[in-house]
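For reference, the structure is listed below as structure tokens.
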Amino acid sequence: MGLLEVKNIGYSIGPVHVIENITFTAMKNEFISIIGPSGCGKSTLLRIIAGLIKPLRGEVLYNGMVVEKPNRDISFVFQDFALLPWLTNIENVKLGLSLFDISEEEKERKAKLLFKKIGLEGFENAYPNMLSGGMKQRVGLARAIISDPKVLLMDEPFSSLDELTAEALRADVINMLRSPDIPVSLVIMVTHNVEEAVELSSKVVILSERPSHVKDIKRIGLRYPRNKRSKDFMKEVEYIYKVLTE
Amino acid sequence: MFDYILQLLVDISFSWVRMFIALGFSILLGLGLGIWAATSRRAEKVIIPIVDILQTLPILAFFPFVIYIIVAAIPGYMGINAAVIFLIITSMLWNIIFGVYESIKELPHEFMELAAIYGMSLKEKLSKIYIPASMPKVMSQSTLSWAIGLFYLVTSEIFSTSNETFMVTHGIGVALTQLALSGNFSEYIVGILILIVFVILTRLLFFAPLERYFNKHNMSNIQKTHAIRFVHLIKSKLKLKIPKARIPIKFAFGKKRDTYSLSNEVIIKQKKSEYANLVYAALAILFVAVIFSNKTLFSYELSILVALLASFARVWFAFAVILLISVPLTVYLIFFSKRLSAYILLFQIISSIPATIMLPLIVSLFVKMPFHSEAVAFSVYFLSGIWYIIFSILSQKAYIPQSIFEVKRLFGIKGLQAWKKIYLYAIVPGLITGAVTGIAAEWNASIVAEYFTSSGIGNGAVLTSVSIGIGKLLDVSLDNGNMVLMLLALLNFTIMIIVINRLVWKRLFNRIEDIYK
């Protein structure tokens, strides 16, 4: 049994079928990318997994229990960061602990530690508008992992950034997730960038156009950190392109 | 000799306390109702249409009625002050509700998802999302509310001096009326200057710091380029300083029907409006039946209709004169003047004097003229409406694309052609919004413009009284305690305002939206 199971999920908006019968299993220590053409319902699927949207058909199981609403083991990183502009960066990060009954000092201590780890020391009391896009997403990431979640959901986390910033952040994310003091044991990321999916994930779920279903699930066994120019890397990229455009 | 200055300071403090109490209530109510309407579909369906109608009603005309009811419930000093504060709230509240409502509706959808993911409680949602998101607009709307509220405050204070039972004891409106009517003109002028100083100080010491505080997360922006920052600076300046028309166009009369929406929806909406028309027709028939069934009511109705017609003519005549002056003036300022901001500053200072406070002075100046009362009424209507229209048009300058100025110069468009092809198009949206608010302000002034006695502060002389008019009718029915006449008059008044909104302004707004989209 997997850590998280997506079973026969279906979803429609009005008369439009967006998602049709999507099923896959996520195991511990996996990094799963969900990739597909734009408008195929990737983000909707991720929100269903998060418990933000109720699926019309099927169910999501986490540790064998049906996910019906957001839960504190599952956290979320947004495409456009979703930082509250009127709160300082550290207050934004502390929001991630809303569901936890711990003292304000403890929250402060944890958040400060995290700022050091993500390389934003000194920006704790600034407002998000002072930060560049890459820095904002670091704050978004810090907010998502401060509660030590088991599952991290990421909705196109790098697509609002320029390519250079995205590349640097991707490398940092891999390092961070592999470090022993971060207990995240499953990442599910939505992306439309094939290279990004191959660079980061151990498994790529390839979706079709609307109404989307799973076209293929591709395992990627390359060792981290992955060399984007290597032959093996290119082969994986080409394979996924082929499946996507079939 | 400076005793009177001290006295004026005491009086203005009383007025300011009333204003701050009203503002406090308005902000609390505005946040509560605005957040409620923005977060609950059911509340939205009730609150928004009601606020929409209320904000276009000249509620000052209801003051005689409100003061009668409240003083009957809470006699004496407390009741009168409660009535005045209640009235000021009715002038301050609506735009704050819309400000809060818009702020929350404009929030990215992700913020709500965020609240769900991290399991925020209602208290946390309020303190971390809804209230901080609304406060910048609450503050900018509050400065506007303050200006409108001042007009209501002074007008209700002045109004109170014409009737002993309902007199406010301390207040700048009362004090200035007394000074002017006792012929102390130099002291009256000093009083006006003190009022202006108070208005400016309140802006600088109260509103400006709060506005800065609630916008602090936007101020430290190092990301934006110079050009963008400059645009933002201009925009924020215009927003802060120009009392832009109170009603945002898209909210003024409810949303326009989407022409592209699914046909089903249109049909349902049409059916609904057919149903509503049926209800209106039934109510109208009932109304007419009741009026005809009773001789007294019938004679009341006739006198009310004549009074409305007379006041309507005055209000719209003053509006026509305002147009004759403000259109060329604003076109000059927008397209030719190099000192627009200096003029705006000057206008702001002048317009910070509520028009009705000039009433005692105008009465004294015109007292020997033929048609003295008509001249007084015209002046008060004129002064009450003109600034709304001028400021509303000037605030449009920010929205006129720079390329229009360049086109005009490149092709050398001048004279009549420039008027027809450029100037009018540039100012009309601001003009329409300004007209709605300006005319509402004129109607608001009617209770002091058309009829005014000094029985509250002196010998009871009738200082100004037009032969017939709705403002006079409301005042006189209060003096006589004729509640039936007063209520019937208010009903007619309300119907007239709603009918004009639907037949004139709503159509104009729709046409303008089509053209300028």
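Taking R0 as 45 Å, what FRET efficiency do you get between B:Asp514 and B:Phe206 from their Cβ-Cβ distance, rounded to the nearest 0.05?
0.65
Testing the spin-label approximation: label points 7 Å from Cα along Cα→Cβ at A:Val66 and B:Ile468. State their distance in nm.
Label-label distance for A:Val66 and B:Ile468, simple model: 7.4 nm.
For A:Asp216, what residues show an amide H to amide H distance below 5 Å, using hydrogens built from the backbone and excluding near sequence neighbours?
Long-range HN contacts for A:Asp216: A:Ile206.
In peptide B:112-124, how many Cβ atoms from other protein chains are near each Cβ within 10 Å, on average?
Working: counts 2, 9, 13, 4, 7, 20, 14, 7, 3, 2, 0, 0, 2.
The mean count of partner-chain Cβ atoms within 10 Å per residue comes to 6.
Between the DSSP loop rule and a limit of at most 15 other Cβ atoms within 10 Å, which chymotrypsin sites (Phe, Trp or Tyr not before Pro) in the range B:312-392 are left?
When the chymotrypsin sites (Phe, Trp or Tyr not before Pro) of the range B:312-392 are filtered for loop state and at most 15 Cβ neighbours within 10 Å, B:Phe336, B:Phe371 remain.
Peptide A:139-149: average number of partner chain Cβ atoms within 10 Å per residue?
Values: counts 0, 1, 0, 0, 3, 2, 0, 0, 1, 0, 0.
Other-chain Cβ atoms within 10 Å of each residue's Cβ, averaged: 1.
So what's the projected area for the range A:1-93, the Cα convex hull averaged over all directions, in nm²?
7.5
If you keep only loop residues by DSSP, which GluC sites (Glu not before Pro) in the range A:67-126 have at most 15 other Cβ atoms within 10 Å of their Cβ?
Working: sites: A:Glu68, A:Glu91, A:Glu104, A:Glu105, A:Glu106, A:Glu108, A:Glu121, A:Glu124; in loops: A:Glu68, A:Glu121, A:Glu124.
Here the sparse-neighbourhood loop sites are A:Glu68, A:Glu121.
Would you work out the charge dipole size for the range B:295-517 about its Cα centre, treating the Cβ of every Lys and Arg as +1 and the Cβ of every Asp and Glu as -1, and quote it to the nearest 20 debye?
Here the size comes out at about 1040 debye.
Within 10 Å of each candidate Cβ there may be at most 11 other Cβ atoms; applying that plus a DSSP loop requirement, which chymotrypsin sites (Phe, Trp or Tyr not before Pro) in the range A:47-79 survive?
none
What percent do you get for the relative contact order of the range B:1-220 when only Cα pairs under 8 Å and 6+ apart count? The partial results should precede the final answer.
Details: 211 pairs, mean separation 61.5, N = 220.
Averaging sequence separation for qualifying contacts and normalising by length gives 28 percent for the range B:1-220.
Pairs of Cα atoms under 8 Å, at least six residues apart: use those to get the relative contact order of chain B, whole percent. Please report the intermediate quantities before stating the final value.
Working: 572 pairs, mean separation 109.2, N = 517.
The normalised contact order for chain B reaches 21 percent.
How much FRET efficiency would the formula 1/(1 + (r/R0)^6) give for B:Ser121 and A:Lys116, where r is the Cβ-Cβ distance and R0 is 51 Å, rounded to 0.05?
0.95
I want to check the label-to-label distance for A:Phe100 and B:Leu410. Put each point 7 Å from Cα in the C-beta direction and report it in nm to one decimal.
6.0
Beyond 23 Å, what share of the Cα-Cα pairs of the range B:295-517 is found? Please give it as a whole percent.
56
Using 0.36 nm per residue of separation minus the Cα-Cα distance, give me the extension gain between B:Ala276 and B:Ala461 in nm, one decimal.
Full extension from B:Ala276 to B:Ala461 adds 61.8 nm.
Would you mind ranking B:Val466, B:Val66 by Cβ crowding within 10 Å, fewest neighbours first?
Values: B:Val466 22, B:Val66 18.
In order of increasing Cβ crowding within 10 Å: B:Val66, B:Val466.
For the protein assembly as shown, what is the Kirkwood estimate of the hydrodynamic radius, computed as the reciprocal of the mean inverse distance between distinct Cα atoms, to one decimal in Å?
On the way: mean 1/r = 0.0330 Å⁻¹.
For the protein assembly as shown, inverting the mean 1/r across all distinct Cα pairs yields 30.3 Å.
Strictly over 21 Å apart at the Cα level, which of A:Lys42/B:Lys105; B:Lys45/B:Lys105; A:Lys7/A:Lys242; B:Lys123/B:Lys216 would you flag in this model?
As for pairs spanning more than 21 Å Cα to Cα, those are A:Lys42/B:Lys105; A:Lys7/A:Lys242; B:Lys123/B:Lys216.
With 32 Å as the limit, write out which pairs from A:Lys136/B:Lys137; A:Lys150/B:Lys128; A:Lys54/B:Lys506; A:Lys69/B:Lys128 have Cα-Cα distances beyond it, or answer none. Intermediate results must be reported in sequence, preceding the final value.
Numbers: A:Lys136/B:Lys137 25 Å; A:Lys150/B:Lys128 26 Å; A:Lys54/B:Lys506 41 Å; A:Lys69/B:Lys128 21 Å.
Result: A:Lys54/B:Lys506 exceed 32 Å.
How would you classify the range A:37-156 from its alpha-carbon gyration tensor, with a ≥ b ≥ c the square roots of the eigenvalues: rounded for a/c under 1.5, else prolate if a/b is greater than b/c, otherwise oblate?
oblate
Mind checking which of A:Asn193, A:Asn175, A:Asn92 has the largest fluctuation in a GNM of chain A, springs on alpha carbons under 10 Å?
A:Asn175
I need B:Tyr4, A:Tyr241 ordered by Cβ neighbour count within 10 Å, fewest first. Intermediate values should be presented prior to the final figure.
Numbers: B:Tyr4 15, A:Tyr241 12.
Fewest-to-most ranking of B:Tyr4, A:Tyr241: A:Tyr241, B:Tyr4.
Explain nothing, just compute: Karplus ³J(HN,Hα) = 6.51 cos²θ - 1.76 cosθ + 1.60, θ = phi - 60°, for every residue of the range B:499-512 in order, whole Hz, x for Gly and Pro.
Each residue of the range B:499-512 in turn: 5, 5, 4, 6, 7, 9, 5, 4, 5, 4, 4, 4, 5, 5 Hz.
Using θ = phi - 60° and the Karplus relation 6.51 cos²θ - 1.76 cosθ + 1.60, list the HN-Hα couplings for the range B:107-124 in order, rounded to whole Hz, with x at every Gly or Pro.
5, x, 4, 4, 5, 6, 5, 4, 4, 6, 4, 8, x, 5, 6, 4, 4, 5
So if each residue of separation counts as 0.36 nm, and I subtract the Cα-Cα distance between A:Asn29 and A:Asp181, what length gain in nm does that give?
In short, 53.3 nm is gained.
Taking the Cβ of B:Gly415 as the center, what net charge do the other residues with Cβ under 14 Å away carry, scoring Lys and Arg +1 and Asp and Glu -1?
+4
What are the ³J(HN,Hα) couplings of the range A:102-111, residue after residue, when phi is run through the Karplus curve with 6.51, -1.76, 1.60 and θ = phi - 60°? Round to Hz, x for glycine and proline.
Once θ is set to phi - 60°, the couplings for the range A:102-111 become 10, 5, 4, 5, 5, 4, 4, 5, 4, 5 Hz.
Give the calculated FRET efficiency between B:Met78 and B:Ile495 to the nearest 0.05, with a Förster radius of 51 Å applied to their Cβ-Cβ distance.
The value I calculate is 0.95.
For chain B, what value does the Rg/Rh ratio take when both radii are computed over Cα atoms and Rh is the Kirkwood radius, given to two decimals?
Dividing the radius of gyration by the Kirkwood radius yields 0.97.
We did not get these values from a lab; they are worked out from the coordinates using the rules stated. Keep in mind that what you see is a predicted model, and the values were worked out from it rather than measured. FYI the Cβ positions are ideal-geometry reconstructions off the backbone, even for glycines, and counts take in every protein chain you see.
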